[in-house]
Amino acid sequence: MVTTALIAFSLALPASQGPGQITLGPDDKPAFANAPAGFDVPREVPKGTVETVEYDSKSVGTRRKLVVYTPPGYKAETRHPVLYLLHGIGGTEREWLDSVAVNVVLDNLYADNKIMPMIVVMPNGRAQANDRAEGNVFATAPAFGEFDKDLLGSIIPFIEGKYKVYGDKEHRALAGLSMGGGQTLNFGLGNLDKFGWIGAFSSAPNTFPPAKLVPEPDEAKKLKLLFVSCGDQDGLMRISQGVHGYLKEKGVPHVWHVDSGGHTWPVWKNDLYHFTQMIFGKR
């Protein structure tokens, strides 16, 4: 299904943005080993809580849903950092939950004392009235490009009003896969005053050209973390390679991780495992 979606997405875009032959260079290698066996298997450990909540979207003009994960032992009076986690073009706010069991991965990381307590918010990046993944999902690509208005104008204020969270960029991260990876780079690097930690996994052709993403490299150098990754068999590899190459040329510190695999969930699950251990400091 993922491969079919990738091909269809590519065909829906200009030929200059379609997938090309994968050619790996000397930089295109793993930054980390694969996550250990069992990292995504439920264990008898303290569990976080997953809930679906609704908010009023000013930009879309409707009431929309998002999924929120609060960590094991969450106390409403304790302030937390927030990771906003974005899905791909064929998904909704439930994609990370249903396809990765993101709560299981995080619960296990907490149990192993590997990540900071954080709230994870999984919104719907399809910023239109009918935001379900139905019909020709590729025709909804323009709605993904409008999502920054919803994220910045409605979602973040809603989360900061409903939960006790920090309201500065040092405690706010943005990450996503495929279409959500492109959104992450576009909106995260376009709002460096809002996000201190950015993770783009297998970014799709919605990603802006590198020079547009980072017009002022010195500003991007102030990020706490810029994490860029892709699978070595992913037909969209050249997009992430281009971002890495530009960042390297401009001297912008970043992590470049080339995983083993295609445009698939095992790659993104591995990305999530590593990225969440790198944000918000050490326990």
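The values are calculated or read from the model by the stated rules, or taken from the named source; none is laboratory data. In this text the structure is predicted, and so the values were computed from the model without any measurement. All Cβ positions, even for glycine, are placed from backbone atoms using ideal geometry, and neighbour counts span all protein chains on display.
Of these, Glu44, Glu54, which one is farther than 29 Å from Val267 by Cβ, out of contact with any helix residue (DSSP H, G or I) (no Cβ under 6 Å at 6 or more places or on another chain) and acidic (Asp, Glu)?
Just one listed residue meets the conditions, Glu54.
If the requirement is being under 18 Å from the mean Cα position of the chain (by Cα), under 17 Å from Arg172 (Cα atoms) and of a type in the set (A, V, I, L, M), which of these qualifies: Ile119, Ile89?
Ile119
From the residues in segment 101-115 that are farther than 17 Å from Val68 by Cβ, out of contact with any helix residue (DSSP H, G or I) (no Cβ under 8 Å at 6 or more places or on another chain) and in contact (Cβ under 8 Å) with a residue 60 or more places away in the chain, which one is surrounded by the most Cβ atoms within 10 Å (Cβ to Cβ)?
Asn108
Taking Asn34 and the conditions (1) modelled with pLDDT of 95 or more; (2) touching a strand residue (DSSP E or B) at 6+ places or on another chain (Cβ under 9 Å), which numbered condition does it fall short on, given that it satisfies the others?
With respect to (1) modelled with pLDDT of 95 or more; (2) touching a strand residue (DSSP E or B) at 6+ places or on another chain (Cβ under 9 Å), Asn34 is out only on (1).
List every residue pair whose Cβ atoms sit under 6 Å apart, with the two residues 6 or more apart in sequence or on different chains, where the first one lies in segment 136-151 and is assigned to a loop (DSSP other than H, G, I, E, B) and the second, anywhere, is surrounded by 16 or more Cβ atoms within 10 Å (Cβ to Cβ).
Glu146/Ala127
For segment 66-100, enumerate the residues that are closer than 21 Å to Pro266 by Cβ and either touching a helix residue (DSSP H, G or I) at 6+ places or on another chain (Cβ under 6 Å) or of a type in the set (Asp, Glu) (or both).
Listed by number, the residues that qualify are Tyr69, Leu85, Leu86, His87, Gly88, Ile89, Gly90, Glu95, Trp96, Asp98, Ser99, Val100.
Let's see how each residue does on (1) of a type outside the set (A, V, I, L, M); (2) not in a helix (DSSP H, G or I):
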residue	(1), (2)
Ile89	no, yes
Glu93	yes, yes
Ser99	yes, no
Asn103	yes, no
Asp107	yes, no
Tyr110	yes, no
Val120	no, yes
Asn124	yes, yes
